[in-house]
Amino acid sequence: GARAVPAWLRGWLIGAAAVAVAVTVVVVVAGGGGPQEEAQPAAAGGVEIAMERACPVTPEPRVAAFEARFEGASQGRVPYPGRTVLVGRALGADGEPVSGATVCVVWELAQTEQRHAGLSLVMSDEQGRFAVGVPAGPSRQYRVIHRPTSEATVTEPLALKVAPRRR
């Protein structure tokens, strides 16, 4: 039967749709196992998901670097419940904005016995800008990725820290 979608994920999917995300994929991997192409053993005995392999190879236009941040966040920290927008710019080797670039945004959330991960694809606009909705939820690790070839990856890591809820 159908499974209920957690509230934090439902909010993220709705927020992501509002920011024109082309594709969103969410993966949940239990504490061990999984296909070898998707999962690698993690040092802590769990599973590390190699989500960047799911990002498409797009040779043109070529991105050399990213500028990225969480909107309204101070040093990557946002107040509870943690809803924000990841905004950024795709830049070429000359430092100029790259329009029409495929930008892959990967997030990972480690919980006690499961690792949740997701992937969103967006295109940069005429000024190289892009935005991806970040749902309410716990702290997560994000990576903004461009894969010009299957062997090369341009990555900008970001950590989102959600401040505890005040009681």
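Laboratory data are not the source of any read-out in this text; all were calculated from the coordinates shown. Model, not experiment: these values are computed from the prediction. A quick note on method: Cβ atoms are made from the backbone with ideal geometry, for glycine too, and the neighbour counts reach across all protein chains shown.
Which whole-number percent is the relative contact order of region 94-167 (Cα, under 8 Å, 6+ apart)?
Once divided by the residue count of region 94-167, the mean separation gives 29 percent.
What nm value, rounded to one decimal, do you get for the distance between residue 94 and residue 65 when each label is placed 7 Å out toward the C-beta?
Here the modelled spin labels are 1.6 nm apart.
Starting from the Cα of residue 74, step 7 Å toward the Cβ, then list every residue of region 139-163 with an amide N under 20 Å from that point.
The answer is 139-140, 159-163.
Can you pull the one-decimal nm distance between simple spin-label points at residue 114 and residue 57, each 7 Å off the Cα toward Cβ?
Output for this residue pair reads 3.3 nm.
Per residue of region 118-127, what does 6.51 cos²θ - 1.76 cosθ + 1.60 with θ = phi - 60° give for ³J(HN,Hα)? Whole Hz please, x for Gly and Pro, Karplus curve as stated.
x, 9, 10, 10, 9, 10, 6, 7, 4, 9
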